[in-house]
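The structure follows.
The values are calculated or read from the model by the stated rules, or taken from the named source; none is laboratory data. Just so it is clear, the structure is predicted and the values come from calculations on it, not from any experiment. Here Cβ is always computed from backbone atoms with ideal geometry, including for glycine, and neighbour counts include all displayed protein chains. Areas reflect the complete protein model, heavy atoms only, side chains present, ligands, DNA and RNA absent. Shrake-Rupley method; radii C 1.70, N 1.55, O 1.52, S 1.80 Å.
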Amino acid sequence: MRPYRMVLDSGLQTYDRSSSSTIKDRETRLKTKITQINNVHSYSCSAISQAPQPPRSRPKSFISTNKTHLPVKTEPRKMAGCPVYMGQCSWMRRSESSCTINSSGSSSQSRIKSSGSLPHISRPSSVPRVTKRSSCLLVALRPTNVDQEREKFFSSKYTYNPQFLYQEPMPTSVLEKYNEASDQFLTQAIRILNAVLQKYGSYENFESVTGGNLLSKCQIWASCRKYMQKEGCAGEVVVQLSEDLLSQAVMTVENSRPTLTINLLGARQHWLEGMLRHEIGTHYLRGVNDAHQPWHKSEGRKQFGLKPANPTEEGLASLHSVLYRKHPYLWRAALLYYTVSRAANTSFCELFHDLHQFVQDPVVRWEYCVRAKRGQQDTGQPGCFSKDQVYLDGIVRILRHRNTIDFPLLTSLGKVSFEDVEGLRPFAELENTRIPHFMQDLDKYHHQLCHIMETNQLTDEELICLLAN
């Protein structure tokens, strides 16, 4: 399904498609298609059919491509209030294992995706490559036969261990880097999950109660425009609305433009602001600030001896996702951490059944298991892809040192670890850097970090024991 696209500033609205679907329609599509086959729940992979809508007039540089998001060959045209970032795509990299979307990135058939707060996994393209450029890690690790294996798995009454195939063989060094799970914060992860279940009964109820209603496209665009005005970046980011994401949102660069893609099936009333703080207020602004610094490129990072941006980058963004919520539970980060930890010692089927204690929806559990087992061919063997533990890992480390971290400076320095902040202070270029609006009142910011700790039953004494330094 082609995404709905819009460039947001104070006076320009460029729609890619007519806003014809209703919230009720999307709520219906949000319900997982599970049918009874021989008294077994089997996931239906049928495509979503929708009558084509005539596109409205729009600038050539913002033509929405087909589902594979192939790059537009024409040069982007600079528009009033919409600066074009030529040659600055690298600053949008979320981590060492993600990159901007090119010709790869989605399947050739529109399908319903779970919006269970999962980080984005781009789907491999069935379109031949136009370059010899390697796929980014997250694309390469997405199994090419995931649909067929899902059908086998559900038809087997959850007893079949999927046998995954991949576009290209992954380097052994990459798989070895992420093949060991950590149990360092497993106790904390389980405690967070149980706290949510004790209060809400189930994750599904937690999502419904705390997330609120789904938002219409107009409501989403209005909220995005208002938020970007708060951050002083109106007109800088293209916003796309899609029903083809596994995550609630993802920040990338497409056609040399910073692009925020939001999942229509997961854009909820009380969670959208947190998603914008995560993607725009953290990833985007830190990326913009990084471009001003002498360590912006890989050579500069080596020269200054910088640590990897993660786990600080994703830990900080995850904290900002729940910042100012009444009940800021760290459910997603905790469940990802737990899933990876268990995957290291179990088969796919065993992991799937183990997750039932936290998530009832079998389709959501399937997606979590696929994430934890990606990179494996025979998922009947123990093994994991451990990168998803970075969220809770980063959160705990930041909370442990929250009273000594200079958060405005950490943001101004760009894509750096909080451990490198003091060493980089004398060399920082701060003149044109930006601080997110929610970090202006530091007393309120620190108070909310304490509230996050209390809600998730974390204490300073415990964190000091876990992380002596």
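Does LEU137 qualify as being at pLDDT 95 or above and open to solvent by less than 70 Å² (accessible area, probe 1.4 Å)? Steps first, please.
Values: at pLDDT 95 or above: no; open to solvent by less than 70 Å² (accessible area, probe 1.4 Å): yes.
Answer is no for this residue.
Further question on the same structure: When both residues are 6+ apart or on different chains and their Cβ atoms are under 9 Å apart, which pairs have a first residue that lies in the range 356-380 and is at positive phi, and a second that is in a helix (DSSP H, G or I) and open to solvent by 10 Å² or more (accessible area, probe 1.4 Å)?
Filtered contacts from the range 356-380: GLY375/VAL174; GLY375/LEU175.
Does SER202 fit the bill of being touching a residue at least 60 places away in the same chain (Cβ under 8 Å) and under 17 Å from the mean Cα position of the chain (by Cα)? Let's see the steps before the verdict.
Numbers: touching a residue at least 60 places away in the same chain (Cβ under 8 Å): yes; under 17 Å from the mean Cα position of the chain (by Cα): no.
So SER202 fails the test.
Hey, could you check the range 143-157 for residues that are in a loop (DSSP other than H, G, I, E, B) and open to solvent by 40 Å² or more (accessible area, probe 1.4 Å) and say which is nearest to HIS353 (Cα to Cα)? Step through it out loud before you land on a result.
Step one: list which residues in the range 143-157 are in a loop (DSSP other than H, G, I, E, B), which gives 143-145, 156-157.
Then keep just the ones that are open to solvent by 40 Å² or more (accessible area, probe 1.4 Å); that gives 144, 157.
On the way: THR144: 24, LYS157: 11 Å.
Within the range 143-157, the match that is nearest to HIS353 (Cα to Cα) is LYS157.
To continue, here is another question. Does THR459 satisfy the condition of being out of contact with any Gly (no Cβ under 8 Å at 6 or more places or on another chain) and closer than 30 Å to GLN229 by Cα? Let's see the steps before the verdict.
Values: out of contact with any Gly (no Cβ under 8 Å at 6 or more places or on another chain): yes; closer than 30 Å to GLN229 by Cα: no.
For THR459, the condition - out of contact with any Gly (no Cβ under 8 Å at 6 or more places or on another chain) and closer than 30 Å to GLN229 by Cα - is not met.
Just give me the residues in the range 370-411 being open to solvent by 10 Å² or more (accessible area, probe 1.4 Å) and hydroxyl-bearing (Ser, Thr, Tyr), in sequence order.
Once the filter is applied, which keeps residues that are open to solvent by 10 Å² or more (accessible area, probe 1.4 Å) and hydroxyl-bearing (Ser, Thr, Tyr), the range 370-411 yields SER386, TYR391, THR404.
For the range 193-235, name all the residues that are open to solvent by 20 Å² or more (accessible area, probe 1.4 Å) and among the charged types (D, E, K, R).
Of everything in the range 193-235, those that are open to solvent by 20 Å² or more (accessible area, probe 1.4 Å) and among the charged types (D, E, K, R) turn out to be LYS199, GLU204, GLU207, ARG225, LYS226, LYS230.
With (1) more than 22 Å from ASN432 (Cα to Cα); (2) at pLDDT 95 or above as the list, and GLN269 as the residue in question, which single condition is left unmet?
(2)
Looking at PHE304 and the list (1) among the aromatic types (Phe, Trp, Tyr); (2) open to solvent by less than 10 Å² (accessible area, probe 1.4 Å); (3) under 20 Å from GLU419 (Cα atoms), which single condition is not satisfied?
For PHE304, the failing item is (2).
Would you pick out the residues in the range 237-270 that are outside any strand (DSSP E or B), within 20 Å of GLU313 (Cβ to Cβ) and in contact with a Cys (Cβ under 9 Å, 6 or more places away or on another chain)?
Hit for the range 237-270 is VAL237, nothing else.
For the range 434-469, which residues satisfy the criterion of being within 30 Å of HIS292 (Cβ to Cβ) and open to solvent by less than 30 Å² (accessible area, probe 1.4 Å)?
Across the range 434-469, the qualifying residues are PRO436, PHE438, MET439, TYR445, GLN448, LEU449, ILE452.
Wholly within the range 271-380, which helices (runs of 4 or more DSSP H) include no fewer than the required count, namely at least 1 residues that are more than 17 Å from the chain's Cα centre (by Cα)? First the steps, then the outcome.
On the way: elements: 272-278, 285-290, 298-304, 312-322, 331-343, 348-354, 362-373.
Counting at least 1 such residues, we get 285-290, 298-304, 331-343, 348-354, 362-373.
Filter the range 441-468 down to residues that are within 20 Å of LEU409 (Cβ to Cβ) and either assigned to a helix (DSSP H, G or I) or polar (S, T, N, Q) (or both) and give me whichever is farthest from the chain's Cα centre (by Cα).
Within the range 441-468, the subset within 20 Å of LEU409 (Cβ to Cβ) is 441-449.
From the residues that got through so far, the ones that are either assigned to a helix (DSSP H, G or I) or polar (S, T, N, Q) (or both) too are 442-449.
On the way: LEU442: 26, ASP443: 28, LYS444: 26, TYR445: 23, HIS446: 24, HIS447: 26, GLN448: 22, LEU449: 21 Å.
Checked the range 441-468; the qualifying residue farthest from the chain's Cα centre (by Cα) is ASP443.
Taking the range 158-190 as the region of interest, how many residues are modelled with pLDDT under 95 and either assigned to a helix (DSSP H, G or I) or basic (Lys, Arg) (or both)?
Total satisfying the criteria: 6.
For a quick check of your reading of the model, give me the residue pairs whose first member lies in the range 293-311 and is of a type in the set (Lys, Arg), whose second is part of a loop (DSSP other than H, G, I, E, B), with beta-carbon atoms closer than 8 Å and at least 6 apart or on different chains.
ARG301/TRP295; LYS307/VAL416; LYS307/SER417
Return yes or no: is ARG425 of a type outside the set (S, T, N, Q) and either within 30 Å of GLU367 (Cα to Cα) or open to solvent by 30 Å² or more (accessible area, probe 1.4 Å) (or both)?
Numbers: of a type outside the set (S, T, N, Q): yes; either within 30 Å of GLU367 (Cα to Cα) or open to solvent by 30 Å² or more (accessible area, probe 1.4 Å) (or both): yes.
Considered against the rule, which asks whether it is of a type outside the set (S, T, N, Q) and either within 30 Å of GLU367 (Cα to Cα) or open to solvent by 30 Å² or more (accessible area, probe 1.4 Å) (or both), ARG425 comes out as yes.
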